[in-house]
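One structure is given below, encoded as structure tokens.
The values are calculated or read from the model by the stated rules, or taken from the named source; none is laboratory data. In this text, all values refer to a predicted model and were calculated from it rather than measured experimentally. Because the Cβ atoms are built from the backbone with ideal geometry, glycine has one as well, and the counts that use them run over all protein chains shown.
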Amino acid sequence: MNKDTSDEYLDSAGAKIDQAIDSIFKIATGTLAVSITFKGSLTSSESSCLWLLAIAWVSLALVPISYVYLKLCESQEDLFWWSKYMDLKRKIERGEKLEMITKTPVELKRRIEASQFCYKALLGGFILGVITFLLFALVNIKN
């Protein structure tokens, strides 16, 4: 695989991940908004296991929070690399010696770890929210 092909593949894979995360965000926020709006239709005096609905709402509320924080982390990573690029560009223009980056800089490592946590929280909140929402619906289907 040549460099152009691998770059295209990575760009395509990144775009697909972004699209999937955006879809999860939209589904979770839509489910949360609709279920809260029609709470009266979802629950009645005979409804049981309301705690399942509460868990679903809390889990689904975690998705947009994680999504926004993830986008902030990605923006900070972009700014970090832009800053590094501009520093290197200035050093090249001045003819200064360039040092190699042999390991991940600490400030970037923290942002990467935060992004990974956001991905896990986003996916975990979505999965738990959908499962508990479906369980609530199954338990209360006869009501």
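Given the residues LYS120, LYS71, LYS84, which is the only one that is farther than 26 Å from ASP22 by Cβ and of a type in the set (Lys, Arg)?
Working: LYS120 fails: farther than 26 Å from ASP22 by Cβ; LYS71 fails: farther than 26 Å from ASP22 by Cβ.
The unique qualifying residue is LYS84.
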Of the listed residues (GLU46, GLU74, GLU107), the one being of a type outside the set (S, T, N, Q), loosely packed, with under 13 Cβ neighbours inside 10 Å and touching a residue at least 40 places away in the same chain (Cβ under 8 Å) is GLU46
Within segment 38-60, the residues that are at pLDDT 90 or above and of a type in the set (Val, Ile, Thr) are ILE55, VAL58
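Considering only residues that are hydroxyl-bearing (Ser, Thr, Tyr) and out of contact with any Ser or Thr (no Cβ under 7 Å at 6 or more places or on another chain), which ones fall in segment 101-143? Don't jump to the end; show me each part of the working.
At the first step, the residues of segment 101-143 found to be hydroxyl-bearing (Ser, Thr, Tyr) are 102, 104, 115, 119, 132.
Answer for segment 101-143, where residues must be hydroxyl-bearing (Ser, Thr, Tyr) and out of contact with any Ser or Thr (no Cβ under 7 Å at 6 or more places or on another chain): THR102, THR104, SER115, TYR119.
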Does ILE65 count as closer than 16 Å to ASP22 by Cα and either surrounded by 13 or more Cβ atoms within 10 Å (Cβ to Cβ) or modelled with pLDDT under 90 (or both)? yes
Restricting segment 1-37 to residues that are at pLDDT 85 or above and of a type in the set (Lys, Arg), the one nearest to the chain's Cα centre (by Cα) turns out to be LYS26
